[in-house]
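The values are calculated or read from the model by the stated rules, or taken from the named source; none is laboratory data. Just so it is clear, the structure is predicted and the values come from calculations on it, not from any experiment. Every residue, glycine among them, receives a Cβ derived from its backbone with ideal geometry; neighbour counts consider all protein chains shown.
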Amino acid sequence: MTTATVHTNPRPSINFRRLVPLWLLLPSLLVLILVQFYPTAYTIYISLNRLRAGELIWVGTANFERLFKDANFFDSLEKSLTFVGSTVIATILLGLLVAVLLNYRSRWNPLYMVLLFVPWVISDVVAGTVWRWLFQQDYGLIQNAIQPLTGDTSLYARPDGAMLIVILATIWRSLPFTSLLFLGALQNVSQEVVEGAALDGAGRLTTFLRITLPIIRPTLIVGVILATIGGLNSVGVILTLTGNIPATETASVYLYEQGWRFGDFGLGAAISIVMFVINLALTLVYLRFQGEE
Amino acid sequence: MVRSQRQKQLDSIIVNSLLMLVCLVSLFPVAYALTTSFKSEAEVLTRPPYFFPRTWTLDAYEQIFRSDLVRYHLGNTFINAFGSSVLIVIFAIPAAYAFSRYKFWGSKALQLLILALIMIPTLTNLVALYRMASELGILNTNFVMITIYLATGLPFGIWILKSSIDSIPHEIEEAALIDGCGPLDVIRRIVIPLALPGIITTFLMEFVFYWNEFLVAVIMLSKNTMKTATVGLLDFQRSYEVAYHVWMAGSVIIIAPVLITFIILRRQFFRAMLQGAVKG
C-alpha cells in the first residue's frame, strides 16, 4: 500500500479510500463502545446480581421482584409523573410563546436572547441553591412576599409546595433552550404560506394553529423528547432544592438514594433498567407522533 | 396583507413588554443571588428580606476565597470541563466528516445508533460506570471524569457537527482531494475553518454542560481535593446551615466563568442554533 503511489492501476488506492471513513470513525467508536455500550451491558448484568462484601453474587431476577413489590418505588414513579408531566407541558407552551414573541424580531432581540439564556448557563445545583434561598422559610424573598397566601406553613414546608418549587425551578432552567429550538423552526416556516392563509381571510390565531404548528411539529416533538428525558433523569435541582424529603423523591432521586446512599447496587441497576425502558418507550411513542401525518 | 399602523404599534408594545417580563423572570433569581452575596450575615438574617444590601460588603467572598471551593474545586471543574470539551470536538470532527461525506455500509444504522445514545441518560449507566471505575482504581481522578464526559458528550457533538459540515459545499474539498491531499489534510485545512461556527457552538454547549455537571461528579468524587465546584457547593449547603450569603457568593463564583464564556461566544451559538443545528 505504501508503495502504491506510482501505481498505474487505481484499484489499491480505491480500496484504501473505502477504509477512510472507518479510520475517521474509529476513535469515536472505541470510546463509545468502552464507555457507553459496555457499561449498558454491564448494568444489565449487575441488575441480576447482588453486591456482598465487594463481590457480585448471581441472584437472577430477585432485584426486579423486590423492585416491583416496593411501594416506595411506585410512589417515586408517581412523583416523576407529576414532575415530568407539569414541567414538559409548561416548558413546551411557554417555549412556544417566547419563540413566537422573539419571531416578531424586535430590535431588542439580541439583548432579550442574552438575558433569556442566563438560566441556561447555570448548573442545576446552583439553580437549586438559588431557588432554595428565594423560598427559604424565614428569610426567603419570595416566601415573604407570598406569606399572606401560604399562612403559617411556608410553601417549602408543604409537600405540594415543595414539588411546586422544584417544578418552577426546572421550567425556569429549561425554557431558554426550548424557546431557541422553536424559534429556529419558526424562522424556517415559509412566509408565503402564512401570508397566503392570511389573504384567504384566516385570523392570526387560526393561521398559527392550522398552518404554522403542523409545519413545526417535528421540532415540537424534539422539544417534548428532550424535556421529558431531562425531567425523568433530573437529580441535581431536586437534591439541592429540597434535599431528600419524600415529597419530591422522584424515580431518579430514588435511584440515586438506593444506589449510593444505601449502596444497593443490584436494586440501583434494576431501577436503571426500568427507567431506561421507560425513556425508550416514551421516545418511541413520541417519534411515532412525529412520523404520522 | 393589510394591517394598520396602529395595530403594528400595539403589537410591538405587547411583544416587547411580554419579552421584558420573561427576561426579568429569567434574571431575577440570579440578580438576587448577586445582591445577597454582598450582604453581611446580619442582613441576610433580617425579616422581612429586601433586595439590595444596605451596606455592601465582601465578607462572603472573603470566606469563599479561603474555602476549598476556590482552592481545589473550581480548578478541577475547569480541567474536567475544558479537557472533555476539547477532546469531544477533536474526536467528533473526523467522525462527523465521515458521516457527512462518505457513503459506506452501515452509515445510516450507525448514525441512528448515535442519535439513540443522545437519548440514553447518563443515569442509566452510572451504577456500572461506578463499579468499573472502582475496580480500575480510578475513582477520584480527573481522568475518569474526562473519559466519562467525553463518551457522554460525543454523540451530541457528532450530531451537531455533522449538520454543520453538511451545510458546507463539498466542491472545494474534492479539488483538494484530487490535488493529492489526504482526508486529514482536507479536514484540517478546509473543513475546520469553514465549520468553525458549528465547532464553536459544539464546544460552548459541551463546556457549559460539563462545567455544570453534577451527577457523575458527585458519584465518582469523594476525595475533597478532587471534587468539582457543583459537588463542593452541595457540601457547603450541608456544612454552613443558614449562611446564605456565602452560598450565594459560591454560586456567583461558579456562574461567572461560564456566563462570560457564553457572552463572548453567543453570536456563533445563536446563529448555528437558529440555522437548525439541533432539529428533528
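Here is how the numbers come out for the structure above:
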{"quantity": "Search result, residues across region A:197-221 that are touching a helix residue (DSSP H, G or I) at 6+ places or on another chain (Cβ under 6 Å), under 19 Å from A:Ile89 (Cβ atoms) and either surrounded by fewer than 13 Cβ atoms within 10 Å (Cβ to Cβ) or without any contact (Cβ under 8 Å) to a residue 40 or more places away in the chain (or both)", "calculated": "A:Ile216, A:Thr219"}
{"quantity": "Close pairs (8 angstrom Cβ cut-off, 6 or more residues apart or separate chains): over 11 Å from B:Thr230 (Cα atoms) and more than 11 Å from chain A (Cβ to nearest Cβ) in region B:200-216, modelled with pLDDT of 95 or more and surrounded by fewer than 24 Cβ atoms within 10 Å (Cβ to Cβ) anywhere", "calculated": "B:Thr202/B:Val89; B:Phe203/B:Val86; B:Phe203/B:Val89; B:Glu206/B:Val89"}
{"quantity": "Region A:102-116, residues that are at the interface with another protein chain (Cβ under 7 Å from one of its Cβ atoms) and not in a helix (DSSP H, G or I)", "calculated": "A:Tyr104, A:Ser106, A:Trp108"}
{"quantity": "Lone unmet requirement of (1) crowded, with 16+ Cβ neighbours inside 10 Å; (2) facing another protein chain (nearest Cβ under 9 Å) for B:Phe104", "calculated": "(1)"}
{"quantity": "Residue pairs meeting the criteria (Cβ under 9 Å; at least 6 apart or on separate chains; first in contact (Cβ under 8 Å) with a residue 40 or more places away in the chain, in region B:86-107; second in a loop (DSSP other than H, G, I, E, B))", "calculated": "B:Ile93/B:Ala195; B:Ala96/B:Ala195; B:Tyr97/B:Ala195; B:Ser100/B:Ile168; B:Ser100/B:His170; B:Arg101/B:His170"}
{"quantity": "Unmet criterion (only one of (1) under 20 Å from B:Leu274 (Cβ atoms); (2) surrounded by 14 or more Cβ atoms within 10 Å (Cβ to Cβ)) for B:Leu196", "calculated": "(2)"}
{"quantity": "Residues that are more than 9 Å from chain A (Cβ to nearest Cβ) and part of a helix (DSSP H, G or I), drawn from region B:32-57", "calculated": "B:Leu34, B:Thr35, B:Ser37, B:Glu41, B:Ala42, B:Glu43"}
{"quantity": "A:Trp108 vs. criteria touching a residue at least 24 places away in the same chain (Cβ under 8 Å) and either among the hydrophobic types (A, V, I, L, M, F, W, C) or surrounded by 22 or more Cβ atoms within 10 Å (Cβ to Cβ) (or both)", "calculated": "no"}
{"quantity": "Residue list for region B:123-140, filter: among the β-branched types (Val, Ile, Thr) and surrounded by fewer than 17 Cβ atoms within 10 Å (Cβ to Cβ)", "calculated": "B:Ile138"}
{"quantity": "The listed residue being more than 26 Å from A:Leu180 (Cβ to Cβ), touching a residue at least 40 places away in the same chain (Cβ under 8 Å), in a helix (DSSP H, G or I) and more than 7 Å from chain B (Cβ to nearest Cβ), out of A:Ile238, A:Ile273", "calculated": "A:Ile273"}
{"quantity": "Scope region A:175-203; condition among the polar types (S, T, N, Q) and under 15 Å from A:Val114 (Cα atoms); matching residues", "calculated": "A:Thr178, A:Ser179"}
